[in-house]
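Report on one structure; see the data block that follows.
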Amino acid sequence: MKYLSRLIVSVFLLAPLAHAEIAVVVSPKNGNSYTSINKELINRIFLAKVSNFPDGTVAKPVYLKQGSEVRDTFNRDYLSKSESQLGRYWSRLRFSGKAQFPKEVNSAEELKALIANDPSLIGYIDALDVDDTIKVVHQY
């Protein structure tokens, strides 16, 4: 019985460490020949270091709203930044005139609808929210 209670406590303590699997998505209408892009390019697109997909077409990132668990996971795993670090980063870029804040949406459904109709957009959602209206180019 003692072992079982320790196991249950361990599961509850480790549960917050589990996180959603992230799918980076684009519109199936973009007609790009690539089927995937790597984590480094995703980082560079979402930090406005590059503004094009591998085939040269324009790439505009779309973020989920602040406070989203999926956004926090994406920031940590793909951008290696906390929310406050990301905010300071974008403020510096905006102040210097190098970039504008990226578009931000409230939900995965809103992100999918937006991306499905604009081939230049790229975003991220929980892999469980993927459907045939979008195309996955990276999953982690």
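Annotations
- Residues in the stretch 74-102 that are under 17 Å from Ile122 (Cβ atoms) and either at pLDDT below 95 or out of contact with any strand residue (DSSP E or B) (no Cβ under 6 Å at 6 or more places or on another chain) (or both): Asn75, Asp77, Tyr78, Leu79, Leu86, Trp90, Ala99, Gln100, Phe101, Pro102.
- Residue match in the stretch 91-104 (condition: surrounded by 16 or more Cβ atoms within 10 Å (Cβ to Cβ) and within 18 Å of Glu21 (Cα to Cα)): no
- Among residues of the stretch 75-94 that are free of Cβ contacts under 8 Å to residues at least 24 places away in the same chain, those with a Cβ under 7 angstrom from a residue that is among the charged types (D, E, K, R), sequence gap 6+ or separate chain, pair up as Asn75/Lys81; Asn75/Glu83; Glu83/Asp72.
- Qualifying residue in the stretch 127-140 (condition: under 14 Å from Ile42 (Cα atoms), touching a residue at least 60 places away in the same chain (Cβ under 8 Å) and in a loop (DSSP other than H, G, I, E, B)): yes
- Index of the failed condition, Tyr140 passing every other in (1) modelled with pLDDT of 95 or more; (2) within 11 Å of the chain's Cα centre (by Cα): (1)
- Cβ-Cβ contacts under 8 Å between residues 6 or more apart (or on different chains), taken from a first residue in the stretch 103-121 that is within 21 Å of Val58 (Cα to Cα) to a second residue that is part of a loop (DSSP other than H, G, I, E, B) and charged (D, E, K, R), are listed as Glu104/Lys65; Val105/Lys65; Lys112/Asp131.
- Among the residues listed as Ser51, Ser33, the single one being among the hydroxyl-bearing types (Ser, Thr, Tyr), over 12 Å from the mean Cα position of the chain (by Cα), under 18 Å from Ile134 (Cα atoms) and modelled with pLDDT under 95: Ser33
- Applying the condition of being crowded, with 17+ Cβ neighbours inside 10 Å and touching a Lys or Arg at 6+ places or on another chain (Cβ under 8 Å) to the stretch 62-82 and asking which residue is farthest from Asn106 (Cα to Cα) yields Tyr78.
- Of the residues in the stretch 89-98, none is touching a Pro at 6+ places or on another chain (Cβ under 9 Å), under 21 Å from Ser27 (Cβ atoms) and among the aromatic types (Phe, Trp, Tyr).
- Among residues of the stretch 1-30 being modelled with pLDDT under 90 and within 17 Å of Lys135 (Cα to Cα), the one that is surrounded by the fewest Cβ atoms within 10 Å (Cβ to Cβ) is Lys29.
- Selection status of Val70, at pLDDT 95 or above, outside any helix (DSSP H, G or I) and not acidic (Asp, Glu): no
The values are calculated or read from the model by the stated rules, or taken from the named source; none is laboratory data. Note that the structure is predicted; figures quoted are calculated from it, not measured. Note that each Cβ is placed from the backbone with ideal geometry, even for glycine, and that neighbours are counted across all protein chains shown.
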